[in-house]
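Step one of this worksheet: look at the structure below.
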Amino acid sequence: MELEAKLAILADAAKYDASCASSGAVRKNSLDGKGVGSTGGAGICHSYAPDGRCISLLKILLTNRCIYDCHYCINRRSSNVRRAAFTVEEAVKLTLDFYKRNYIEGLFLSSGIIRNADHTMEQVNAVARTLREVHDFRGYIHLKTIPEASPGLIEEAARHADRISINLELPTQESLDQLAPEKNLGRTKQAMGRIRHRLEEATEQKRDGDKRLRHATGQSTQVIIGADASTDSDFLSRSDELYRSYRLKRVYYSAFSPIPDASGILPPKAPPLVREHRLYQADWLMRHYGFGTSEIVDSARPNLDLDIDPKLSWALRNRHEFPVDVHTAARETLLRIPGLGVKNVDRILSIRRFTKLHLVDLARLRVSLEKVRPFVILADHQPSVLELDSDTLRARFAPKPQQLELFGR
Ligand code: SF4
């Protein structure tokens, strides 16, 4: 098979993996020979480097052949898709060619499992090793690792890569048993634990002066939402555990997308995209705003409110905590005010050392006054008790009901 045909298959097969934070924008396509600028067919996506820069990556699978049969995956053993595989040399050549032409700044490499986990991991490592050691490739490399692979092979991946990830896929063993019977939550966590340990060792070695040591700086994972009955509480509790116990940099929430030739036990429709968005917001609250999982979801409300963001939802359930005086409140209290982000809280903290804040000051900070007004006390503003207690407060922020069209277009 021609390299270009393989690239089309293996770049397309890799697009379902969200854990390199590829941008979700619909790409324009010039493959019909009209116009210029299509990158979709060549598998180029975007990710964020640790310093916040956006970088373009060649995102491919080494092969879409797989001996596993995960129901939600288009590459599963029983799927009827065209199969292809790059050789190690082909994957290296493609990366270097794209890099030299300035199309990409790095590689995101994943793979279906061929023969067994160790054999697959060896192939993935061989691509990264050849790039680093033979071609002195200094671009970004993100490698997807396989929990069942030998610890030595996962460690080798971490030596060559800037970021490594293991996909958890589903939050509980019961869900895995149903949808990915060959996968095991305990094994995945063990592998994450080993990676955490190795990453910490490498950080210490660097701190002790071994500046030339090349090593991944973090690990991440992806979970698929909406493929089964797992609740937002299941996902967020698991994420909380992964951040605390395994020091993951990110958990990516990927809305299940119906695949061609899908297994009968999958839902026929994708979940609303807003669910993915709300999970990212809740995840952000846990990592940067000091919220505990049980403040966001619990057994009585296992799923997030899709109509309003989780911080606003928490504030409306805890109205007795408001209004907050922005001149005296502690940073962690300010962070809980709907409409105030981390940057604006820090700006408020420095402004209030010198002067009182007014509504116009918040407007200058581009804070949504509409959102913040019921929850804050400012020099020229005190919300009325009636406003804060009003039954209609939630309705002010939720999307307006829409009249259904009689005739769908
Ligand atoms: S192991 Fe990975 S590639 Fe193979 S079927 Fe499962 S999700 Fe797909």
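Worth a mention:
- Restricting PRO147, PRO151, PRO181 to residues that are under 19 Å from ARG115 (Cα atoms), under 20 Å from the mean Cα position of the chain (by Cα) and in the same structural domain as ILE104 (by TED's automatic domain parsing) narrows the list to PRO147.
- Here SER313 does not qualify as part of a helix (DSSP H, G or I), without any contact (Cβ under 8 Å) to a residue 40 or more places away in the chain and surrounded by fewer than 16 Cβ atoms within 10 Å (Cβ to Cβ).
- Verdict on ALA18 being within 16 Å of the ligand (Cβ to nearest atom), at pLDDT below 65 and surrounded by 12 or more Cβ atoms within 10 Å (Cβ to Cβ): yes
- Look at (1) in a helix (DSSP H, G or I); (2) crowded, with 16+ Cβ neighbours inside 10 Å; (3) of a type in the set (Gly, Ala, Ser) and you find that SER245 fails only one, number (2).
- Residue among GLY290, GLY264 that is assigned to a loop (DSSP other than H, G, I, E, B), at positive phi and of a type outside the set (D, E, K, R): GLY290
- Candidate set: the range 182-229, residues that are away from the ligand (no atom under 16 Å from the Cβ), of a type in the set (A, V, I, L, M, F, W, C) and touching a strand residue (DSSP E or B) at 6+ places or on another chain (Cβ under 8 Å); chosen: the one modelled with the highest pLDDT: MET192
- Count - residues of the range 55-95 that are within 14 Å of the ligand (Cβ to nearest atom) and in a loop (DSSP other than H, G, I, E, B): 21
- Of the residues in the range 193-207, none is in a strand (DSSP E or B) and in contact (Cβ under 8 Å) with a residue 40 or more places away in the chain.
- Residue pairs meeting the criteria (Cβ under 7 Å; at least 6 apart or on separate chains; first among the hydroxyl-bearing types (Ser, Thr, Tyr), in the range 69-89; second near the ligand (Cβ under 8 Å from one of its atoms)): SER78/ASP69
- Scanning the range 137-161 for residues that are closer than 26 Å to ASN102 by Cβ, surrounded by fewer than 23 Cβ atoms within 10 Å (Cβ to Cβ) and either within 16 Å of the ligand (Cβ to nearest atom) or of a type in the set (D, E, K, R) (or both) yields one hit, ARG138.
- Output for the range 96-125, where each listed residue is in contact with an Asp or Glu (Cβ under 7 Å, 6 or more places away or on another chain) and either more than 12 Å from the ligand (Cβ to nearest atom) or in a loop (DSSP other than H, G, I, E, B) (or both): ASN125
The values are calculated or read from the model by the stated rules, or taken from the named source; none is laboratory data. If you're wondering where the values come from, they're calculated on a predicted model, not measured in any experiment. So basically every Cβ, Gly included, is an ideal-geometry build from the backbone, and we count neighbours across all protein chains shown.
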